[in-house]
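Accompanying notes for the structure given below.
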Amino acid sequence: MNVNHELTGPEGAPVVVLSNSLGTDLRLWDEQVPALRERFRVLRYDQRGHGGTKAEPGPYSLADLGGDVLELLDRLGIDRVHFAGVSLGGMTGMWLGENAPKRIASLALICTSADLGGPSWSERAATVRANGMAAMVESSLPRWFTPAATGNPAIREKFTDMILSADPEGYAGCCEAIAEMDLLGGLGGITAPTLAIAGAEDPATPPSHAERIAADVPGARVEVVPSAAHLANAEQPETVNRLLLELFGGAA
Ligand SMILES: O=C(O)CC1=CCC(=O)O1
């Protein structure tokens with residue numbers, strides 16, 4: 001898998017990997033990179049079928065998505081990383097924490113869930129395969145941002161462009177990975193220092209999902225970001241940047 005990525009920040013510094021959510025791409029992290037790259041080498045990438053990473057025919061599994069990260073790290077000669085993921089990116093992070101614990105120095109799980117299954121994912125996959133990504137724009141934005149941010153034309157334009165540039169097959173394959181994921185049983189085996197960050201107004205993965213994760217991951221903490229919906233890192237970057245720097249700076 002040729003994963004589109006961008007690597008920036010001081011050579012030799014500890015590496016932070018940033019993993020995007022369903023329907024977004026590495027631009028999701030535009031507000032984090034300037035803050036993180038002062039102290040960390042920052043590797044952000046596009047999940048398969050999103051941004052500049054081509055789609056394989058679906059369905060996918062979290063093992064596929066986590067495997068893409070491990071393959072990229074191996075190709076770049078990177079052994080161990082701090083990892084932050086939003087939603088699907090956080091699910092990818094949990095899979096890595098469970099299945100490749102030696103590679104993960106710390107885990108920031110942002111607006112995500114260990115158990116978000118259900119029939120709606122196969123319906124959504126069928127919708128985009130039949131009608132393309134335009135079908136997702138008006139339903140996604142109100143889940144991703146509070147009304148204050150959805151009214152901001154710059155945010156609407158940027159995130160609409162991300163949705164429309166996703167490949168429907170890639171988006172559908174990722175929906176199928178979420179439908180079939182099986183993370184709950186492995187949470188207790190995550191050894192990396194873990195912070196679950198929730199958006200106080202997130203309708204997709206409300207704070208109860210972060211609490212569920214933290215209940216099972218040894219030593220994990222929860223932080224709830226006020227005035228933020230599902231893409232809390234984009235809506236409240238200062239708060240999320242502070243939390244990420246505290247986690248990554250404090251972890252070995
Ligand atoms: O449905 C959405 O857009 C929210 C979401 C669920 C998984 C993900 O990555 O985003």
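The values are calculated or read from the model by the stated rules, or taken from the named source; none is laboratory data. Source: prediction; values computed, not measured. Neighbour counts run over all protein chains shown; Cβ positions are idealised from the backbone, glycine included. Only protein heavy atoms, including side chains, enter the accessible area calculation; ligands, DNA and RNA are left aside. Shrake-Rupley method; radii C 1.70, N 1.55, O 1.52, S 1.80 Å.
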Checklist entry - Is it the case that Ser227 is open to solvent by 10 Å² or more (accessible area, probe 1.4 Å), under 20 Å from Arg143 (Cβ atoms) and in a loop (DSSP other than H, G, I, E, B)? => result yes
Checklist entry - Which residues, counting only those in the stretch 80-136, are acidic (Asp, Glu) and within 16 Å of the ligand (Cβ to nearest atom)? => result Asp115, Glu123
Item to check | Check on Ser113, within 13 Å of Cys175 (Cβ to Cβ) and not aromatic (Phe, Trp, Tyr) | outcome: no
Item to check | Number of the exception - Glu176 against (1) within 15 Å of the ligand (Cβ to nearest atom); (2) in contact (Cβ under 8 Å) with a residue 40 or more places away in the chain; (3) charged (D, E, K, R); (4) farther than 29 Å from Glu98 by Cα | outcome: (4)
Item to check | Considering residues of the stretch 160-193 that are outside any helix (DSSP H, G or I) and open to solvent by 10 Å² or more (accessible area, probe 1.4 Å) only, the residue nearest to His50 (Cα to Cα) | outcome: Asp167
Item to check | Index of the failed condition, Asp202 passing every other in (1) open to solvent by 10 Å² or more (accessible area, probe 1.4 Å); (2) in contact (Cβ under 8 Å) with a residue 12 or more places away in the chain; (3) over 24 Å from Lys54 (Cα atoms) | outcome: (1)
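Within the stretch 205-216, restricting attention to residues that are open to solvent by less than 50 Å² (accessible area, probe 1.4 Å) and touching a residue at least 40 places away in the same chain (Cβ under 8 Å), which residue is nearest to Arg103 (Cα to Cα)?
Restricting to residues being open to solvent by less than 50 Å² (accessible area, probe 1.4 Å) and touching a residue at least 40 places away in the same chain (Cβ under 8 Å), the top hit is Ile213.
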Checklist outcome for this item: Just one listed residue, out of Gly151, Gly250, Gly219, is open to solvent by 50 Å² or more (accessible area, probe 1.4 Å) and free of Cβ contacts under 8 Å to residues at least 24 places away in the same chain, and it is Gly151
Checklist entry - Residues in the stretch 114-124: is at least one surrounded by fewer than 21 Cβ atoms within 10 Å (Cβ to Cβ), in contact (Cβ under 8 Å) with a residue 40 or more places away in the chain and within 15 Å of Val17 (Cβ to Cβ)? => result no
Checklist entry - Based on what the data block shows, is Ser106 among the polar types (S, T, N, Q), under 22 Å from Gly249 (Cα atoms) and either modelled with pLDDT of 95 or more or open to solvent by less than 50 Å² (accessible area, probe 1.4 Å) (or both)? => result yes
Next on the checklist: Looking at the stretch 45-72, I want the residues that are acidic (Asp, Glu) and have a partner that is open to solvent by 30 Å² or more (accessible area, probe 1.4 Å) with Cβ atoms under 7 Å, at least 6 apart or on another chain. Which pairs are those?
Outcome noted: Asp46/Asn4; Asp46/Gly52; Asp68/Met1; Glu71/Met1
